[in-house]
Amino acid sequence: MKNIQDMRIRFVGAGNMAASLIGGLINKGLTSSQMTASDPQKNQRDYIEQQFQVQTFDDNNAHFGMPDVVVVAVKPQIMKVVLNDVAANLKAVNPLVISVAAGITTEQIVNWTHTNHGVIRTMPNTPALIGQGAIGMYANNQVTQAQKYQTEQIMDAVGTSIWVDQEQQIDAVTALSGSGPAYFFMFMECLQEAAESIGLSSEQAALLTKKTAVGASLLAERSPESLMRLKDRVTSPNGTTYAALQTFEQNNMKEIVDRAVHAAFTRSIELSRVHD
Ligand SMILES: NC(=O)c1ccc[n+]([C@@H]2O[C@H](COP(=O)([O-])OP(=O)(O)OC[C@H]3O[C@@H](n4cnc5c(N)ncnc54)[C@H](OP(=O)(O)O)[C@@H]3O)[C@@H](O)[C@H]2O)c1
């Protein structure tokens, strides 16, 4: 089985997500010569070449070589065109195809490349751009155990990844971790504004909001205790936290969050039908 250190990877689309993956993989010890990338944007190609010394091309088929893995990192609406463009090379080389495009199914990828090869669909989130992503992954039946392991190694270069057994669960991942950073940003925005209304400057409120979010997240990740227990530890009977949490409960916070996550889930299912 090929270890990630011996693999050749081609990136089709060299925007934010590809750049994060390339940077993460170089941090993990891959050499620049193991990777190539293609993108029509000159500034993106220049960035990848200068930052990571990875060779880039404006044509998706130029110097395609014999990659073990092709990571397709373009916007969902152009996936069909891009996969049609590289279909002949994919057919000739038969690499593992990893997609990071939201809402594009493995079946669509197989259809658009006119082959029946291994395809992995992933759902990263924006913290992947700083190596802190939460990533859901689904593999079709053609993917081998070795390829699944290689994919874990690639995606773990930008965060923490988990497998789902059914493709529909990617819609649930989208509703949780895909969209999730925005839920936290919105809550932080509300918190900051509320703090300003009770006397803090916007700089003070912004700093304390961000540090509280980071501190609470790290504590939740590192502590063996449940979220409920951690919450209880901050909450003394009839104290300040208790007063705030009572307000959340009286206003059905749980129901609001549940409705929001279901709305994202439904929309994710709808969007994956749009690209057919
Ligand atoms: N960023 C994230 O955190 C995140 C999270 C979850 C999922 N994703 C998924 O990751 C994918 C890429 O997102 P991104 O944020 O990296 O987008 P991005 O920064 O816009 O990168 C996509 C790149 O592909 C280029 N491109 C356009 N047409 C192409 C073609 N025919 N062949 C090759 N490359 C082409 C784009 O150039 P132009 O600018 O000229 O179009 C752009 O440089 C999307 O499908 C998105 O759903 C991203």
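The values are calculated or read from the model by the stated rules, or taken from the named source; none is laboratory data. It should be emphasised that the depicted structure is a prediction, and the values quoted were computed from it without experimental measurement. Positions of Cβ are backbone-derived with ideal geometry, glycine not excepted, and every protein chain shown enters the neighbour counts.
Listed values, structure above:
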{"item": "Exclusive hit being more than 28 Å from residue 254 (Cα to Cα) and either touching a helix residue (DSSP H, G or I) at 6+ places or on another chain (Cβ under 6 Å) or not charged (D, E, K, R) (or both), set 157, 182", "result": "157"}
{"item": "Selection within the range 65-78 - more than 7 Å from the ligand (Cβ to nearest atom) and over 16 Å from residue 10 (Cβ atoms)", "result": "77"}
{"item": "Residue among 106, 113, 56 that alone is in the same structural domain as residue 143 (by TED's automatic domain parsing), among the hydroxyl-bearing types (Ser, Thr, Tyr), out of contact with any helix residue (DSSP H, G or I) (no Cβ under 8 Å at 6 or more places or on another chain) and within 15 Å of the ligand (Cβ to nearest atom)", "result": "106"}
{"item": "Hits in the range 10-26 - residues which are more than 11 Å from residue 155 (Cβ to Cβ) and touching a strand residue (DSSP E or B) at 6+ places or on another chain (Cβ under 7 Å)", "result": "10, 11, 12, 13, 14, 18, 22"}
{"item": "Every residue from the range 56-75 that is buried (at least 17 other Cβ atoms within 10 Å of the Cβ) and under 27 Å from residue 146 (Cα atoms)", "result": "60, 64, 67, 68, 69, 70, 71, 72, 73, 74"}
{"item": "Total residues in the range 246-273, condition in a helix (DSSP H, G or I), exposed (fewer than 13 other Cβ atoms within 10 Å of the Cβ) and either of a type outside the set (A, V, I, L, M) or assigned by TED's automatic domain parsing to the domain that holds residue 102 (or both)", "result": "13"}
{"item": "Residue list for the range 211-245, filter: more than 33 Å from the chain's Cα centre (by Cα) and assigned to a loop (DSSP other than H, G, I, E, B)", "result": "235, 236, 237, 238, 239"}
{"item": "Where a residue in the range 85-104 is farther than 27 Å from residue 173 by Cβ and its partner, wherever it lies, is modelled with pLDDT of 95 or more and more than 8 Å from the ligand (Cβ to nearest atom), with Cβ under 6 Å and at least six apart", "result": "89/61; 89/64; 93/66"}
{"item": "The range 79-92: number of residues that are surrounded by fewer than 19 Cβ atoms within 10 Å (Cβ to Cβ) and near the ligand (Cβ under 8 Å from one of its atoms)", "result": "2"}
{"item": "Hits in the range 1-31 (condition: over 20 Å from the mean Cα position of the chain (by Cα) and more than 21 Å from residue 93 (Cα to Cα))", "result": "29, 30, 31"}
